[in-house]
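Since the structure comes first, as C-alpha cells, the remarks are kept for the end.
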Amino acid sequence: MTTKMIVACIDGSELGHSVVEHAIWLAQSSQSTLMFLHTIEHSHQSEHVHREGNLTPNMKEQLLDELSDEERLQSKKRLSEGKVILDDAKQQAEQAGLTAVSTKQRHGTLPEALADLEAEASLVVLGAKGEDHQGEKQGLGSQLEAAIRAIHTPVFIVKTNFTQPKKMMLAYNGSPTSVKALKFIAEGNVISEAVDIHVVAVKADIEEAKNLIDEASMTFSKSDRVISTRALQGEVLETLTSYQQENEIDVTTMGAFSHGKLHGFFFGSFTTRMLLESATSFLLIR
Amino acid sequence: MLLSAKQDWLGNIRGDILAGIVVAIALVPEAIAFSIIAGVDPKIGLYASFAIAVIIAITGGRAGMISAATAATALLMVTLVKDYGLQYLLAATVLAGVFQIIAGYLNLHKFMSFISKSVMTGFLNALAILIFMAQVPELMNVTWHMYALTAAGLGIIYLFPYVPVVGKILPSPLVNIIALTALVYYMGIDVRSIGDMGALPDTLPVFLWPDVPFNMETLWIVMPYSISIAVVGLLESLLTANVIDELTDTESDKKRECKGQGLANIGSGLIGGMAGCAMIGQSIINVKSGGRGRLSAMTAGVVLLILVVFLSDLLKIVPMAALVAVMIMVSIGTFNWASIKELKTNPTSASVVMVATVIIIHRFNYAKCRGTYLCKII
C-alpha cells in the first residue's frame with residue numbers, strides 16, 4: 001500500500017492555526033504523512049500607482065523595472081513570512097508525535113500548487129478563507145472553489161477553531177460523488193473511530209429517503225464502522241443545516257461540485273450554499 | 001472560466017475605476033487630434049473611442065488594455081476621407097472589423113511571432129515620427145503665441161508630475177489643457193481652438209448604417225483601406241497585448257483579441273465612429289495608474305462619453321496649442337528612445353531592418369504595412 005499523505009494549506013490567517021490542528025488530528029487518525037504547503041501569490045496589483053497620466057520616454061521599460069522590483073521585494077517578504085509559518089506548523093506537528101512531517105513553499109496560486117500535488121495527496125486540508133478575507137464576517141475565500149475544483153482528492157475544509165470533532169454528518173443522496181463519499185468513510189479509515197457517524201438522506205418523498213438509507217447501511221455493513229442513520233423529508237439545504245444544529249455536528253461530509261461551473265453560474269452551486277450556511281467543517285469528496 | 005471572468009471584471013474595482021478616469025481624460029485630446037489627422041470632425045474620433053473602449057472591454061482578450069481611435073489607423077484613412085468622404089470611411093471601418101474577425105477565426109495572430117522585434121520597433125518609431133509630423137501644419141504660419149503656448153503646455157505635461165502631492169493625483173495632460181484654456185480665455189489671445197476644427201459631440205451617439213451605395217464599386221474603393229486598417233490595427237493591438245502581458249506578468253487570449261477588435265470596429269462604424277485599435281501609450285498609462293481589469297477600459301469609454309457630451313461647450317474653447325502639446329507628448333512616448341542607443345550594440349542587420357522599416361513606412365506614406373512584408377522577405 002502506498003503511503004497516504006495529507007496536504008495542509010496554511011497561510012497567516014486566523015484559520016491557519018486551526019488548519020494545522022485539524023491536519024494533525026487527521027494525520028494521527030489515518031496514520032498518514034503530513035505536508036504543510038504555503039504558496040506565495042502575486043496579486044499583480046501594484047501598491048504604488050502614479051496617476052500623472054503623461055507619456056514619458058522609455059516609459060514601458062521604467063514601469064517594467066518598477067513593477068518587477070516591487071514584486072521582488074514583496075516575494076522576499078512573503079517568502080520569509082511563509083517560512084516562519086511553516087516552521088511553526090512543523091514544530092507543532094512533531095510535538096504532537098507525528099514523525100513524517102514535511103513542508104513545501106512555492107510560487108503561484110493555490111489551485112496550481114494543489115493540481116501539481118494531486119497525485120501524491122490523499123487528502124487536502126484548507127481553511128475556508130485565507131488572509132485576504134480575514135475581516136469578512138461571512139463567507140468563503142475567493143480561491144476556495146477554484147482550489148476544490150482543481151483537484152479530485154477529498155478536501156477537508158476548516159471553518160472554525162479546532163475542537164476535537166465528535167460527530168460527523170454524511171449527507172447521502174445517491175449521486176456518484178455521494179457514493180464515493182460513503183465508500184471513503186466506510187473504507188478509508190481517515191476519520192478517527194471516536195467520531196460518531198450520522199448518515200442522513202433528505203428527499204421530498206420520505207420513502208425515497210428510506211431507500212437511500214438502506215443502500216448506505218449496506219455499504220457500511222461490510223466495514224466494522226458503527227453508524228446511525230436518519231431519513232428525513234423536506235427541503236434539502238434547510239433540513240440538513242437544521243440537523244447539523246440539532247445534533248451538534250462538527251464535520252459534514254458530502255459529494256461536492258458534481259455539476260459543472262456553468263450549472264453553478266446559472267443555478268448556484270448546492271455545495272457553495274451548504275458551505276455558506278453551515279457552521280461545521282466539511283469533508284468534500286469529488 | 002466564469003470565475004476568471006468575474007476576476008477580470010471585479011478583481012480590482014477601485015484601481016480600475018480610478019485608472020479608467022485617468023485614461024478617459026487622456027483619451028479626449030488624443031481622439032480629437034486623431035480625428036484632425038484623419039480629416040474628420042472631432043466627434044467622429046470621440047464616438048469611435050467611446051464605442052471601441054466599451055466594446056473591447058467586453059469582447060477583448062487582454063484585460064487592462066485600452067483601445068480607441070488611434071494614430072496608426074487614422075493615418076491610413078487620410079486619402080479615403082479626402083477623396084470620398086466620411087460615409088465611405090464608416091463603411092471601411094465596418095469592413096475592417098469584418099476582416100479582423102475573419103483573421104481571428106483563421107488564427108492569424110500566430111503569425112505575429114514571425115515579425116521580428118526590429119520591425120516592431122521600426123513600426124513604432126515611424127508612427128511616432130508621423131504623429132509628430134502631423135502636428136507640424138498646426139505650427140506653420142502662426143503667431144508666436146502658438147509656439148509659446150505649446151511650449152508652456154509641454155512644460156506643464158512633463159514638470160507638473162514633480163509637484164508634490166497633487167502632481168501624482170491629477171493627470172498632467174488635463175492640467176495642461178485647463179491651464180492653457182484658462183490663459184487663452186482670460187487674456188483673450190487669438191489662437192485656433194478645437195471648435196474651429198469641426199463639430200464636437202453634443203448628443204449621445206445613435207446607430208446609423210453607413211450611407212454608401214451597396215455595390216461592387218464601393219467595395220473596391222473601400223477594400224484596400226479596410227485591409228490595411230485591419231492589418232495595422234491587429235498588429236498594434238497584438239503588440240500592445242504583448243506589452244501588457246509583460247508588464248503585468250499575465251497571459252492574454254490573442255485570438256479573442258482579434259475577434260474583439262473586429263467587433264469593436266464594427267460597433268464604432270455603426271455609430272458613426274472611425275476605426276481604431278489598441279493604444280500602447282494609453283494601455284501603459286492604465287497599468288501605471290493601477291488599472292488591471294476589464295472595468296478600466298469600460299470606465300474609460302463611459303467617462304469619455306460623459307465628458308465630451310456634457311462639456312462640449314467647454315471643449316470648443318480649448319486652444320489647439322494644448323492639443324499639439326499632448327500629441328508631441330504622445331509622439332515622444334511612442335518613440336523607442338532606447339532603440340537609438342541600441343543601434344550601436346545590436347547586430348547591423350537588425351539595425352538596418354529597423355531603420356529600413358521607418359523609412360519604408362514613410363516613403364510609402366504608410367499606405368500599407370510594408371514592414372510585415374519586409375520581414376517576410378527577411
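The values are calculated or read from the model by the stated rules, or taken from the named source; none is laboratory data. Computed from a predicted model, the values in this text were never measured in an experiment. Backbone-built Cβ (ideal geometry, glycine too); neighbour counts: all protein chains shown.
Here B:GLY269 meets each of (1) in contact (Cβ under 8 Å) with a residue 60 or more places away in the chain; (2) within 13 Å of another protein chain (Cβ to nearest Cβ) with one exception, condition (2).
Taking the criterion of being touching a residue at least 12 places away in the same chain (Cβ under 8 Å) and surrounded by fewer than 24 Cβ atoms within 10 Å (Cβ to Cβ), the residues of segment B:291-317 that qualify are B:MET298, B:VAL302, B:VAL303, B:LEU305, B:LEU307, B:VAL309, B:SER312, B:LEU314, B:LEU315, B:LYS316, B:ILE317. Can you say whether A:ILE213 is more than 14 Å from chain B (Cβ to nearest Cβ) and modelled with pLDDT of 85 or more, as far as the supplied structure shows? Criteria met by A:ILE213.
Return the residues of segment B:198-225 that are among the polar types (S, T, N, Q), touching a residue at least 12 places away in the same chain (Cβ under 8 Å) and closer than 17 Å to B:TYR88 by Cβ; say none if nothing qualifies. Walk me through it before giving the result.
Start the filter on segment B:198-225 by keeping residues that are among the polar types (S, T, N, Q), which leaves B:203, B:215, B:218.
Still in the list and also touching a residue at least 12 places away in the same chain (Cβ under 8 Å): B:203, B:218.
Across segment B:198-225, the qualifying residue is only B:THR218.
Could you tell me whether any residue of segment A:175-194 is touching a strand residue (DSSP E or B) at 6+ places or on another chain (Cβ under 9 Å), over 24 Å from A:LEU26 (Cα atoms) and not acidic (Asp, Glu)? Yes - at least one qualifying residue is present in segment A:175-194. For segment B:240-276, residues that are of a type outside the set (Lys, Arg) and assigned to a helix (DSSP H, G or I) total 22. Condition check: assigned to a helix (DSSP H, G or I), modelled with pLDDT of 90 or more and within 9 Å of chain A (Cβ to nearest Cβ). Does B:ILE36 satisfy that? Criteria not met by B:ILE36. Residue selection: B:VAL184 satisfies the criterion of being touching a residue at least 12 places away in the same chain (Cβ under 8 Å) and more than 30 Å from B:LYS117 (Cα to Cα).
Answer yes or no as to whether A:ILE10 is touching a residue at least 40 places away in the same chain (Cβ under 8 Å), within 14 Å of chain B (Cβ to nearest Cβ) and either surrounded by 16 or more Cβ atoms within 10 Å (Cβ to Cβ) or not basic (Lys, Arg) (or both).
On the way: touching a residue at least 40 places away in the same chain (Cβ under 8 Å): yes; within 14 Å of chain B (Cβ to nearest Cβ): no; either surrounded by 16 or more Cβ atoms within 10 Å (Cβ to Cβ) or not basic (Lys, Arg) (or both): yes.
Judged against the criteria, A:ILE10 is not a match.
Cβ-Cβ distances below 8 Å connect the following pairs, each with a first residue in segment B:132-148 that is touching a residue at least 24 places away in the same chain (Cβ under 8 Å), a second residue that is of a type in the set (Ser, Thr, Tyr), and a separation of six or more residues or different chains: B:PHE132/B:SER331; B:GLN135/B:SER331; B:LEU139/B:TYR147; B:LEU139/B:THR150.
Filtering segment A:211-251 to residues that are of a type in the set (S, T, N, Q) and in contact with a Leu (Cβ under 7 Å, 6 or more places away or on another chain) leaves A:THR219, A:THR239.
Select the helices (runs of 4 or more DSSP H) contained entirely in segment B:298-362, then report the ones holding at least 3 residues which are under 16 Å from the mean Cα position of the chain (by Cα). Let's see the steps before the verdict.
Details: elements: B:312-316, B:320-334, B:338-345.
Here the list reads B:320-334.
Taking interchain pairs and intrachain pairs at least six residues apart, which have beta carbon atoms under 8 angstrom, with the first residue in segment B:21-33 and within 9 Å of chain A (Cβ to nearest Cβ) and the second among the charged types (D, E, K, R)? Listed by first residue and then by second, the contacts come to B:VAL22/A:ARG51. Against the criterion of being more than 30 Å from B:GLY267 (Cβ to Cβ), under 19 Å from the mean Cα position of the chain (by Cα) and either assigned to a helix (DSSP H, G or I) or free of Cβ contacts under 8 Å to residues at least 24 places away in the same chain (or both), B:THR121 qualifies. Considering segment B:89-118, and only residues there that are touching a residue at least 40 places away in the same chain (Cβ under 8 Å) and among the small types (Gly, Ala, Ser), the residue that is surrounded by the most Cβ atoms within 10 Å (Cβ to Cβ) turns out to be B:ALA96. When B:GLY281 is tested against the conditions (1) away from chain A (no Cβ under 14 Å); (2) not in a loop (DSSP other than H, G, I, E, B), the lone failure is (1). If we scan segment A:47-65, do we find a residue that is away from every other protein chain (no Cβ under 14 Å), out of contact with any Gly (no Cβ under 6 Å at 6 or more places or on another chain) and over 28 Å from A:LEU140 (Cβ atoms)? No: zero hits.
Do we have any residue at all in segment A:14-29 that's within 14 Å of another protein chain (Cβ to nearest Cβ), in contact with a Phe, Trp or Tyr (Cβ under 9 Å, 6 or more places away or on another chain) and among the polar types (S, T, N, Q)?
Residues of segment A:14-29 within 14 Å of another protein chain (Cβ to nearest Cβ): none.
Scanning segment A:14-29, I find no residue that is within 14 Å of another protein chain (Cβ to nearest Cβ), in contact with a Phe, Trp or Tyr (Cβ under 9 Å, 6 or more places away or on another chain) and among the polar types (S, T, N, Q), so the answer is no.
Considering the conditions (1) part of a helix (DSSP H, G or I); (2) within 14 Å of chain A (Cβ to nearest Cβ); (3) touching a Lys or Arg at 6+ places or on another chain (Cβ under 8 Å), B:MET112 is excluded by exactly one of them, (2). Filtering segment B:3-20 to residues that are at pLDDT 80 or above and within 9 Å of chain A (Cβ to nearest Cβ) leaves B:ASN12, B:GLY15, B:LEU18, B:ALA19. Of all the numbered requirements in (1) modelled with pLDDT of 85 or more; (2) in a helix (DSSP H, G or I), A:THR219 misses one, and that requirement is (1).
Only one residue in B:VAL166, B:VAL142 is within 14 Å of another protein chain (Cβ to nearest Cβ) and at pLDDT below 90. Which one?
After ruling out the rest, the residue left standing is B:VAL166.
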